[in-house]
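The values are calculated or read from the model by the stated rules, or taken from the named source; none is laboratory data. From a predicted model like this one, the values you see are computed outputs, not experimental measurements. Neighbour counts are summed over all protein chains in view; Cβ atoms, including those assigned to glycine, are modelled from backbone coordinates with ideal geometry. Surface accessibility is based on the protein's heavy atoms, side chains included, excluding ligands, DNA and RNA. Shrake-Rupley method; radii C 1.70, N 1.55, O 1.52, S 1.80 Å.
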Amino acid sequence: PEGTERINEPGIRSLRTTRVLEEGMVLTIEPGCYFIPALLEPALRNPAQARFINTEALQRFQGTGGVRIEDDIAITADGCELLTCVPRTVEEIEALMAEGRR
């Protein structure tokens with residue numbers, strides 16, 4: 001909104017909701033983990049950043065491109081209500097994937 005100052009720090013500069021949330025509003029929350037070579041390669045060459053990267057895990061997952069799990073929530077008087085109904089645990093996801101193979 002006009003007059004709202006944006007935070008310009010890595011990791012939070014892309015957050016888009018700066019308004020006060022009110023009961024009845026519906027939001028989509030989109031956490032994700034992406035493997036972007038243009039960002040990862042310089043970080044791997046920088047010792048200050050590379051020390052935070054598990055290169056073994058990165059190599060294992062880098063070819064996937066990444067993952068994002070979206071949740072829709074409704075703001076309530078005392079918090080929020082999750083509107084998304086999807087498997088969440090590893091076991092639930094693997095069971096769903098196994099059903100698709102049948």
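Quick test for you: out of GLY100, GLY3, GLY24, pick the one residue that is more than 18 Å from the chain's Cα centre (by Cα) and not in a loop (DSSP other than H, G, I, E, B).
Details: GLY3 fails: not in a loop (DSSP other than H, G, I, E, B); GLY24 fails: not in a loop (DSSP other than H, G, I, E, B).
Answer to the selection: GLY100.
Per-residue answers, yes or no, for (1) within 24 Å of VAL86 (Cα to Cα); (2) open to solvent by less than 70 Å² (accessible area, probe 1.4 Å); (3) among the hydrophobic types (A, V, I, L, M, F, W, C):
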position: PHE35; (1), (2), (3): yes, yes, yes
position: ALA38; (1), (2), (3): no, no, yes
position: PRO42; (1), (2), (3): no, yes, no
position: ALA50; (1), (2), (3): no, yes, yes
position: ASN54; (1), (2), (3): no, no, no
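Being farther than 30 Å from GLN59 by Cβ and among the small types (Gly, Ala, Ser) is the filter here, so list the residues in the range 1-40 that pass it.
GLY3, GLY24
What is the number of the single condition among (1) outside any helix (DSSP H, G or I); (2) surrounded by 10 or more Cβ atoms within 10 Å (Cβ to Cβ) that ILE93 does not meet?
Condition (1) is where ILE93 drops out.
Residues in the range 65-86: is at least one of a type in the set (Val, Ile, Thr), within 26 Å of PHE35 (Cα to Cα), at pLDDT below 90 and outside any loop (DSSP other than H, G, I, E, B)? Outline the logic, then answer.
First, the residues of the range 65-86 that are of a type in the set (Val, Ile, Thr): 67, 69, 73, 75-76, 84, 86.
Narrowing further to those that are within 26 Å of PHE35 (Cα to Cα): 67, 69, 84, 86.
Still in the running and at pLDDT below 90: 67, 69, 86.
Now drop any that are not outside any loop (DSSP other than H, G, I, E, B), which leaves 67.
Among the residues of the range 65-86, at least one is of a type in the set (Val, Ile, Thr), within 26 Å of PHE35 (Cα to Cα), at pLDDT below 90 and outside any loop (DSSP other than H, G, I, E, B), which makes the answer yes.
With respect to GLY66, determine if the residue is surrounded by 11 or more Cβ atoms within 10 Å (Cβ to Cβ) and in contact (Cβ under 8 Å) with a residue 12 or more places away in the chain.
Numbers: surrounded by 11 or more Cβ atoms within 10 Å (Cβ to Cβ): yes; in contact (Cβ under 8 Å) with a residue 12 or more places away in the chain: yes.
Yes: the conditions hold for GLY66.
For ARG60, indicate whether it is assigned to a helix (DSSP H, G or I), of a type in the set (Lys, Arg) and open to solvent by 80 Å² or more (accessible area, probe 1.4 Å). Write out each step before concluding.
Numbers: assigned to a helix (DSSP H, G or I): yes; of a type in the set (Lys, Arg): yes; open to solvent by 80 Å² or more (accessible area, probe 1.4 Å): yes.
Yes, satisfied.
Here are the criteria: (1) closer than 26 Å to ILE12 by Cβ; (2) in a loop (DSSP other than H, G, I, E, B); (3) within 20 Å of the chain's Cα centre (by Cα). Tell me which single one ALA38 does not satisfy.
Among (1) closer than 26 Å to ILE12 by Cβ; (2) in a loop (DSSP other than H, G, I, E, B); (3) within 20 Å of the chain's Cα centre (by Cα), the lone unmet condition for ALA38 is (2).
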